[in-house]
Amino acid sequence: MALRYELIDAIKRLLKAQRMTYAQLAPHLGLSEASVKRMFSQQTMNLARLETICEVLKVGLSELVAHARGDSEPMSELSEEQEEELVGDPRLFLALYLALNRWREEEVLRRYTFSKPEWIGLLVRLDRMRIIELQPDNRAKLRTARNFRWRENGPVMRLFARKLIPEFFQRPFEGENEQILLLAGMVSRPTGALLKQRLNELAREFDTLMAHDSSLPVSERVGLSLVLGVRPWGLPDFEKWRRRDTVESAPRT
């Protein structure tokens, strides 16, 4: 069964490499684009369709298997379908968060209301989604890279923008490990590019520190969320005094 998921993932990579969309593949299979999307998202594909797809991609089954088995590079981001499945099931999203932060099974069952079968079931789903590799004793080996990021404007980031970010800023940043800084000013374009570079460096440092502490038990760690962002922006109330003929050309205050 695991090989089937590996083959489907390999097909997705080959489709992307050949710049072939689901809509372009659909006529070869006698299906609608929606049916093809569903087939890939649910990972249900019979041998006949697998052979047809191989013909379209001009690869043999043995070559596809080799391509699937040779994929060992960690994922830097998930697919659109994977993120949609996570957003659609908060329990599954939580399970991934715990796996990414290397919670052990006994810690999960002690801190959360999951039963052991429920927790194993969630890990199995993540394994089928090819996000983790489920190992003996229900240990989760991550398939994601250490600098893993959510898709730009993907399902997870849209969820953050719609719900999580407003909630994030609702209460004061007054507790331990809490701080917020609001800085505004006018800079040159090269300085703006430098600030973006520094934010990326801080994000990498956060990843490094998180990896360093990942071997510690949960009782010695605290869950932190770091929001980094920079953009041209001013208070919306200021806009009422801006001349309409200078809105596009004038720098933001």
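Observations
- In region 212-253, residue modelled with the lowest pLDDT [restricted to those that are among the charged types (D, E, K, R) and surrounded by 10 or more Cβ atoms within 10 Å (Cβ to Cβ)]: Arg252
Each row is one residue, and each column tells you yes or no for (1) under 29 Å from Leu134 (Cα atoms); (2) of a type outside the set (Val, Ile, Thr); (3) outside any helix (DSSP H, G or I).
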position	(1), (2), (3)
Met20	no, yes, yes
Gln24	no, yes, no
Leu31	no, yes, yes
Ala34	no, yes, no
Lys37	yes, yes, no
Val65	yes, no, no
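- The single condition from (1) in a helix (DSSP H, G or I); (2) under 21 Å from the mean Cα position of the chain (by Cα) that Phe148 fails is (1).
- Counting the residues of region 116-142 that are modelled with pLDDT under 85 and surrounded by 15 or more Cβ atoms within 10 Å (Cβ to Cβ) gives 1.
- Single unsatisfied condition, Phe173 versus (1) assigned to a loop (DSSP other than H, G, I, E, B); (2) aromatic (Phe, Trp, Tyr); (3) surrounded by 14 or more Cβ atoms within 10 Å (Cβ to Cβ); (4) not assigned by TED's automatic domain parsing to the domain that holds Glu84: (3)
- Residue that is free of Cβ contacts under 8 Å to residues at least 12 places away in the same chain and at positive phi, where the choices are Lys58, Lys141: Lys58
- Members of region 138-168 that are touching an Asp or Glu at 6+ places or on another chain (Cβ under 8 Å) and more than 24 Å from His212 (Cβ to Cβ): Asn138, Arg151, Gly154, Pro155, Val156
The values are calculated or read from the model by the stated rules, or taken from the named source; none is laboratory data. This structure is a prediction, so every number in the text was calculated from the model and none was measured. Note that each Cβ is placed from the backbone with ideal geometry, even for glycine, and that neighbours are counted across all protein chains shown.
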